[in-house]
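Take a look at the structure set out below.
Read the figures in this text as sums done on the coordinates, not as results from a lab. These figures come from a predicted structure and were not determined experimentally. Neighbour counts run over all protein chains shown; Cβ positions are idealised from the backbone, glycine included.
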Amino acid sequence: MKAIRVHEFGGPNVMRLDEVPDPKPGPGQALVRVKAAGVNPVDTYIRSGGYAQKPPLPYTPGFDAGGVVEAVGTGVTAVAPGDRVYTVRTLTGAYAALAVCDQLQVKPLPGNASFAQGAAICVPYGTADRALFQRAHALPGETVLIHGASGGVGIAGVQLARAHGMTVIGTAGTDRGKQLVKEQGAHHVLDHGAPGYLEQVMALTGGRGVDVILEMLSNVNLGKDLTVLAKYGRVVVIGSRGTIEINPRDAMAREASILGMMLWNASPQELDSIHAGLFAGLANGTLRPVIGQELPLKDAPRAHEAVMAPGAYGKIVLVP
């Protein structure tokens with residue numbers, strides 16, 4: 001089969017399309033025919049060698065895929081050949097024609113969702129769900145500010161928060177991105193590149209501030225985020241590309257909380273809860289992953305450049 005392989009850590013061009021033997025499912029495992037593989041920023045961090053956990057080389061990148069169960073090993077009861085599924089991580093990597101998963105890493109994909117949308121669920125929607133509900137404990141009636149709302153996690157956050165009964169303020173950096181955020185249900189959309197946009201946040205909340213902030217670029221925004229929180233507000237740090245200096249007094253005055261999160265820290269029970277909710281949202285149409293680009297598998301290097309570029313617009317997927 002065709003698979004992207006990383007033989008050394010480095011820039012996007014260390015990824016190459018190789019011909020490798022077809023994997024086989026072992027006991028308790030499922031073999032998934034990948035129809036689309038999701039590209040996430042975390043994939044680029046791992047590939048560069050800068051992530052805390054480094055896989056043994058060579059490896060195939062990717063956690064998220066949408067596809068069809070091709071075969072199962074002994075003892076598998078959760079899925080059967082022919083089932084439409086999406087993956088919650090894999091054992092062999094998603095940037096490939098076939099991927100082996102533990103049966104618990106395979107979730108049903110509703111018939112109204114495309115395979116590309118299936119590849120956009122696990123990391124983006126799982127992250128947004130955990131950030132909003134398991135870390136920030138967001139409540140209906142509260143106001144949430146979502147920085148970078150036009151990207152995969154941001155769109156998921158907008159849809160989840162809106163369905164939960166929250167007032168949603170989303171930011172984006174382009175006119176196209178702002179229009180997308182508005183279409184996905186944000187009540188207010190701001191340009192995070194415009195001077196004074198945080199003053200608009202305060203004006204929109206009558207000077208009170210927001211209850212929850214989902215922060216994708218903490219090394220740029222965290223210090224400013226603390227100044228627009230309401231009393232007892234929470235910032236969830238989803239992404240950061242460096243360090244930042246903050247004024248602790250801004251947190252003290254509001255008794256604010258800065259909450260880190262990483263999806264893989266969720267317990268099995270928390271993950272089950274997340275994906276039960278995501279399945280329901282997909283099935284009833286509340287959750288609608290937006291696909292920004294579909295690229296052939298061989299263009300994985302270009303996809304890694306695009307996912308880190310400014311002006312995020314939906315999810316990037318690779319098609320084997």
Mean separation of Cα contacts under 8 Å (6+ apart) over length of the chain, as relative contact order %: 19
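Mind pulling up the Rg/Rh value for segment 171-229? Radius of gyration and Kirkwood radius, both on Cα.
Working: Rg = 11.4 Å, Rh = 12.1 Å.
Result: Rg/Rh = 0.94.
Kindly give the semi-axes, whole Å and largest first, of the ellipsoid equivalent to the chain, taking each as the square root of 5 times a Cα gyration tensor eigenvalue.
So the three semi-axes of the chain are 34, 21, 17 Å.
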Scan of the chain for GluC sites (Glu not before Pro) in DSSP loops with at most 13 other beta-carbon atoms within 10 Å gives a longest site-free stretch of 9-244
If you bin the C-alpha pair distances of segment 6-77 every 10 Å from 0, what whole percents do you get? 17, 41, 33, 9, 0
Please give the calculated 222 nm ellipticity per residue for the chain, where each DSSP H segment of at least 4 residues contributes -39500 (n - 2.57) and the sum is spread over every residue; nearest 500 deg cm²/dmol? -8000 deg cm²/dmol
Greater than 19 Å separation of Cα atoms is the criterion. Which listed pairs, Lys2/Lys35; Lys2/Lys107; Lys107/Lys298; Lys224/Lys315; Lys54/Lys107; Lys182/Lys315, meet it? Lys2/Lys107; Lys107/Lys298; Lys224/Lys315; Lys54/Lys107
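Could you list the square roots of 5 times each eigenvalue of the Cα gyration tensor of segment 49-92, that is, the equivalent ellipsoid semi-axes, sorted largest first and rounded to whole Å?
27, 12, 9
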Apply the Debye scattering formula to segment 233-320, with a single equal point scatterer on each alpha-carbon and no solvent, then give log10 I(q)/I(0) at q = 0.16, 0.18, 0.19 Å⁻¹. -1.04, -1.13, -1.14
Please report, for the Cα atoms of segment 124-264, the Rg to one decimal and the Dmax as a whole number; what are they, in angstrom? 13.4, 37
How many angstrom separate the Cα center of segment 1-69 from the Cα center of segment 243-320? 18
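When averaged across all projection directions, what area in nm² does the alpha-carbon convex hull of segment 61-179 cover? Could you put the intermediate results ahead of the total?
Details: hull surface 35.3 nm².
Reported value for the Cα convex hull: 8.8 nm².
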Which ordering of Tyr95, Tyr313, Tyr232 is given by a fewest-first count of other beta-carbon atoms within 10 Å? Tyr232, Tyr313, Tyr95
What is the fewest-to-most order of His192, His187 by other Cβ atoms lying within 10 Å of their Cβ? His187, His192
Among Ser150, Ser218, what is the fewest-to-most ranking by other Cβ atoms within 10 Å? Ser218, Ser150
Calculate, axis by axis, the spread of Cα positions in segment 199-242 along the three principal axes, and write the results as whole Å, longest axis first. 32, 19, 12
Which values of log₁₀ I(q)/I(0), to two decimal places, follow from the Debye formula for segment 1-128 at q = 0.09, 0.17, 0.20, 0.21 Å⁻¹ with a uniform point scatterer at every Cα? -0.23, -0.83, -1.10, -1.18
